[in-house]
Amino acid sequence: MEVVIQQLVNGLFLGSIYALLALGYTMVYGIIKLINFAHGEIYMLGGFMGYFFINKLSLGFFPALILSMVGAAVIGVVIEFLAYRPLRKSTRIAALITAIGVSFLLQNGMIYWLGPEKKSFPQAIEFKNYQLGFIQISNIQVLILVISLVLMIALQLIVKKTKMGKAMRAVSVDADAAQLMGINVNRTISFTFALGSALAAAAGMLIGLYYNSIDPMMGVVPGLKSFVAAVLGGIGIIPGAALGGFVIGLLETITIALGFSDYKDAVVYALLIIILLIRPAGILGKNIKEKV
């Protein structure tokens with residue numbers, strides 16, 4: 001029982017990473033109905049940018065985190081402008097294939113440039129363990145959870161309280177009507193990509209700090225699991241993505257605690273199949289009838 005409770009605690013920290021990634025998926029889908037499968041690679045680039053800023057420029061963790069988020073936001077906007085904007089009026093399958101192509105381009109570009117080997121992420125923050133009864137928590141885990149919650153709250157405030165957030169919500173409902181009301185749709189979509197990419201970069205840096213390693217393929221599995229989290233919570237719904245991330249994190253660590261660590265990925269993908277069969281709209285989603 002103690003092991004299960006410890007793994008549940010670990011699941012909260014892992015789930016916060018999945019939640020940050022899932023938010024990027026769900027925001028982009030909510031705006032342009034695109035599953036951005038290159039999102040996991042932005043997460044990977046965030047980890048590498050953090051590695052560069054800390055290791056090569058000798059910056060502290062928090063300045064490196066901010067710069068990585070800014071750099072990833074710029075990359076996200078460039079990807080949207082070059083790869084997705086020209087296909088906005090095309091079929092969804094064309095945009096989906098392009099997203100997969102961008103993902104492979106970023107993966108293999110990093111492998112060509114830096115090599116396929118794992119790199120040791122610099123420990124910019126001294127590791128400390130705290131014992132709370134039989135539960136063991138590290139300062140890195142607390143940092144991950146706090147930063148993730150702060151970023152999620154900040155995102156919610158941006159979406160609900162700012163002018164650009166109102167524009168995002170308007171475009172997600174009806175882009176043509178929003179444009180007629182004077183909203184710059186292209187700028188709003190670019191801003192959405194920038195926000196999602198910044199959150200992914202933060203997740204990449206945090207996971208690099210936690211596991212002390214990064215590599216060019218590190219975004220593949222977390223990216224897919226975060227997509228499952230977005231679908232589980234209700235894709236296109238921001239609180240649903242956050243909820244789905246925490247559920248996936250807890251499910252994964254419970255599977256490990258029960259002695260089925262080899263099947264932790266399979267359990268997550270099995271959950272995706274089940275949720276699509278039972279409740280396709282997700283936990284917080286609503287079934288919407290469409291006219292044919």
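The values are calculated or read from the model by the stated rules, or taken from the named source; none is laboratory data. The structure presented is a predicted model; accordingly, all values stated were derived computationally and were not measured. Note that each Cβ is placed from the backbone with ideal geometry, even for glycine, and that neighbours are counted across all protein chains shown. Remember, those area values only see protein heavy atoms, side chains included, never the ligands or the DNA or RNA. Shrake-Rupley method; radii C 1.70, N 1.55, O 1.52, S 1.80 Å.
Just a few scattered comments:
- Taking all protein chains into account, the per residue accessible area for the chain stands at 50 Å² (1.4 Å probe).
- Built amide H within the under 5 Å cut-off of Leu284, gap 5+: Gly234
- Computed from the C-beta positions of Lys128 and Val267, the FRET efficiency with R₀ = 25 Å rounds to 0.20.
- Sorting Met164, Met181 by solvent-accessible area of protein heavy atoms yields Met181, Met164, largest first, with a 1.4 Å probe.
- The chain, helix-only ellipticity at 222 nm - DSSP H runs n ≥ 4, -39,500 (n - 2.57), divided by all residues, nearest 500: -24000 deg cm²/dmol
- Loop-resident sites, the stretch 110-187, for chymotrypsin sites (Phe, Trp or Tyr not before Pro), counting at most 15 other Cβ within 10 Å (DSSP): Phe127, Phe134
- Overall, the accessible surface of the stretch 59-199 at a probe of 1.4 angstrom is composed of carbon and sulfur to the extent of 70 percent.
- Relative contact order of the stretch 74-164: 11 percent, from C-alpha pairs under 8 Å at least 6 residues apart in sequence.
- 5 angstrom amide H check on Ser138, placed H, neighbours 5+ away: Tyr130
- Sites excluded, GluC sites (Glu not before Pro) in DSSP loops with at most 10 other C-beta within 10 Å, longest stretch of the chain: 127-289
- Entries of Lys56/Lys128; Lys89/Lys160; Lys33/Lys89 with Cα pairs more than 19 Å apart: Lys56/Lys128; Lys89/Lys160
- Between Ile274 and Val4, the modelled label-to-label distance comes to 1.6 nm, taking each label 7 Å out from Cα in the direction of the beta carbon.
- Considering only Ala198, Ala64, Ala177, the mean-square fluctuation computed in a Gaussian network model of the chain, springs between alpha carbons under 10 angstrom, is largest for Ala177.
- The relative contact order of the chain comes to 37 percent, based on Cα pairs under 8 Å that sit 6 or more residues apart.
- Counting only protein chain heavy atoms and rolling a 1.4 Å probe, the accessible areas of Asp174, Asp265 rank, largest first, as Asp174, Asp265.
- Residue among Ala95, Ala270, Ala242 with the largest mean-square fluctuation in a Gaussian network model of the chain, springs linking Cα atoms under 10 Å: Ala270
- Highest GNM mean-square fluctuation among Tyr210, Tyr269, Tyr84, for the chain modelled with Cα contacts below 10 Å: Tyr269.
- Leu149 paired with Val221, simple spin-label distance in nm, labels 7 Å along Cα-to-beta-carbon: 2.8
- Kirkwood Rh and Cα Rg combined as Rg over Rh, evaluated for the chain: 0.97
- Between Gln156, Ala175, Gln107, the Cα set farthest toward the positive side of the dipole of the stretch 97-176 (charges on each charged residue's Cβ, about the Cα centre) is that of Gln156.
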